[in-house]
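One structure is given below, encoded as structure tokens.
The values are calculated or read from the model by the stated rules, or taken from the named source; none is laboratory data. These figures come from a predicted structure and were not determined experimentally. Cβ placement follows ideal geometry from the backbone for every residue including glycine, while neighbour counts extend to all protein chains displayed. The area values use the complete protein model at the heavy-atom level, side chains included, leaving out ligands, DNA and RNA. Shrake-Rupley method; radii C 1.70, N 1.55, O 1.52, S 1.80 Å.
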Amino acid sequence: MGTAAIEVRGLWKIFGPKADRIIGSPDADLEPAELRAKTGCTAAVRDVGFEVRPGEVFVVMGLSGSGKSTLVRCLTRLIEPTAGELRIDGQDVRAMSAKQLRELRRHRVSMVFQHFGLLPHRRVVDNVGYGLEIQGVGRSERNEKARRILSLVGLEGHEESYPEQLSGGMQQRVGLARALAVDPEVLLFDEPFSALDPLIRRDMQAEVIRLHREVGKTMVFITHDLSEALKLGERIAIMRAGAIVQVGTPEELVGAPADDYVADFVRDVPRAQVLSLRWICRAPEPGEPLDGPELPADTVIHDAVPYAMASDRPIRVVADGELVGVVSRVDILGAVRPGDGPLVGAAPAGAPGEA
């Protein structure tokens, strides 16, 4: 197994006096309000650990104040962690010198913020090429690359415009192009679309999905919006009060919430549009016919409805050429009924630990 793109172990960020003394003490377990009242400190990130695989879109979501934005800023030490291990491509970020950190931020990791931070007096092409200029790349080369990246994000023809001449969605595309221009290994997004109108936000989400498909960068995406997290994330980490409550695929979060907090988050998610047949298939009953339609186990339940309605035979659910179970029309219609909640405590057929 290769090196993880990002590895985080036991990461803490505590704001306040004598912050380092909190870790390992009984005070570390206090609720946020109690900790502030007793010590004057705020634990924004509490003992967080996770890995991001190369080329993965990893989403961190939580409500306002959950610590997600502090966490993403700790990854490149824009905010200095109080304790813990942090590695990018195997390299210890906390051990990096100031020079090494500058190289990391200029060449290997780019960040896209909610506020675009564009330079108003510079043309779009110059804004996109700004990171390359900081790297010392010559004007001709950086303009050529900036124009190529602008075409990639759908802004061809706007190279000579100034930021104020663009819509909010177009300005965010410029910010995205600027991050891509330096060809980073990792892209960090801190709620980049939360200030955009819903339709523009949806377009930008689709743009991120398309760009990931085309350029394959490792991405860490911060959001407070569950629908955005489910749409973008290959895996999602849910944060509460500075700690990660659960990490899993969209299916795992919706189908098997770790606790009541996560269950409440996903309560209104239409499970038939997230869960696959693997989550509802069952062993065939004695004498049940096995000559019905065949579908892969990762078929989303909603997409299986036409097959179920077209046949009176149970659907055969297969994975790697093997039958893993069946689902009947009744099984599927039961899963798509309006108002159905998540399958709390459920696990998919063939999940680790199951017979």
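Just want the answer: with Cβ charges of +1 for Lys and Arg and -1 for Asp and Glu, which residue in Ile236, Leu119, Gln246 is farthest toward the dipole's positive end in the chain?
Leu119
Could you please state how large a percent of the accessible area of the chain is carbon and sulfur, counting protein chains only and using a 1.4 Å probe? Please list the in-between numbers first.
On the way: 8300 of 17020 Å².
Looking at the chain in its full context, I get 49 percent from C and S.
In debye to the nearest 20, how big a dipole does the chain give about its Cα centre with +1 on each Lys and Arg Cβ and -1 on each Asp and Glu Cβ?
Working: 43 positive and 51 negative charges, 294 e Å.
Here the chain has a charge dipole of around 1420 debye.
What's the angle, to the nearest 10 degrees (0 to 90), between helix 301-310's Cα axis and the longest principal axis of the chain?
Helix 301-310 sits roughly 30 degrees off the main axis of the chain.
What per residue convex hull volume, in Å³, do the alpha-carbon atoms of the stretch 92-159 yield? Walk me through the intermediate numbers first.
Values: hull volume 7.9 nm³, N = 68.
Spread over its residues, the Cα hull of the stretch 92-159 gives 116 Å³ apiece.
If every alpha-carbon in the chain counts as one equal scatterer, what log10 I(q)/I(0) does Debye give at q = 0.08, 0.10 1/Å?
Listed by q, the Debye log ratios stand at -0.49, -0.74.
Just subtract the alpha-carbon distance of Glu144 and Arg108 from 0.36 nm times their residue separation and send over the number in nm, one decimal.
Values: separation 36, 0.36 × 36 = 12.96 nm, distance 2.02 nm.
Additional length available on full extension: 10.9 nm.
Given charges of +1 on the Cβ of Lys and Arg and -1 on the Cβ of Asp and Glu, with all other atoms neutral, how large is the dipole of the stretch 172-227 about its Cα centre, in debye to the nearest 20?
Values: 7 positive and 9 negative charges, 30 e Å.
The calculated dipole for the stretch 172-227 is roughly 140 debye.
Two decimals, Cα atoms only, Kirkwood Rh: what is Rg/Rh over the stretch 59-119?
Values: Rg = 12.7 Å, Rh = 13.0 Å.
My calculation puts Rg/Rh at 0.98.
Determine, for each peptide in 136-143, 223-230, 95-102, 207-214, the mean count of other beta carbons within 10 angstrom over its residues, then list the peptides with the highest first.
Numbers: 136-143: 13.4, 223-230: 19.1, 95-102: 11.2, 207-214: 14.9.
Ranked from most to least packed, the peptides come out as 223-230, 207-214, 136-143, 95-102.
Toward the positive end of the charge dipole of the chain, about the Cα centre and with charges on Cβ (Lys, Arg +1; Asp, Glu -1), which of Gly154, Cys281, Gly55 goes farthest?
Gly154
Show that you can apply the helix-only estimate: for the chain, add -39,500 (n - 2.57) for every DSSP H stretch of four or more residues, divide by all residues, and state [θ] at 222 nm to the nearest 500. List each step's numbers first, then the result.
Values: 13 runs with 114 residues, N = 355.
Dividing the helical sum by the residues of the chain leaves -9000 deg cm²/dmol.
How many Å² of accessible area per residue for the chain, probe 1.4 Å? Before the final figure, lay out each step's value.
On the way: 17020 Å² over 355 residues.
Per-residue accessible area for the chain comes out at 48 Å².
Among Gly138, Ala179, Thr39, flag the residue with its Cα farthest along the positive direction of the charge dipole of the chain, charges on Cβ as +1 for Lys/Arg and -1 for Asp/Glu.
Looking along the dipole axis, the top candidate is Gly138.
I'd like the distance separating the alpha-carbon centroids of the stretch 152-226 and the stretch 227-300, in whole Å.
28 Å
Mind pulling the angle between the C-alpha long axis of helix 198-215 and the longest principal axis of the chain? Nearest 10 degrees, somewhere in 0 to 90.
Rounded to the nearest ten degrees, it is 90.
Where is the GNM fluctuation largest for the chain (alpha-carbon springs, 10 angstrom cutoff): Pro257, Pro198, Pro314?
Pro198
Counting only residues 5 or more places away or on other chains, whose amide H sits under 5 Å from the amide H of Val45 once H atoms are built in the peptide plane?
The answer is Lys13.
How big is the charge dipole of the stretch 52-172 about its Cα centre, in debye rounded to the nearest 20, if each Lys and Arg gets +1 on its Cβ and each Asp and Glu gets -1 on its Cβ? Write down the numbers at each step before the final one.
Numbers: 18 positive and 14 negative charges, 65 e Å.
Using Cβ point charges on Lys, Arg, Asp and Glu, the stretch 52-172 gives about 320 debye.
How much space per residue, in cubic angstrom, does the convex hull of the C-alpha atoms of the stretch 179-237 take up?
Details: hull volume 5.2 nm³, N = 59.
Value for the stretch 179-237: 87 Å³ per residue.
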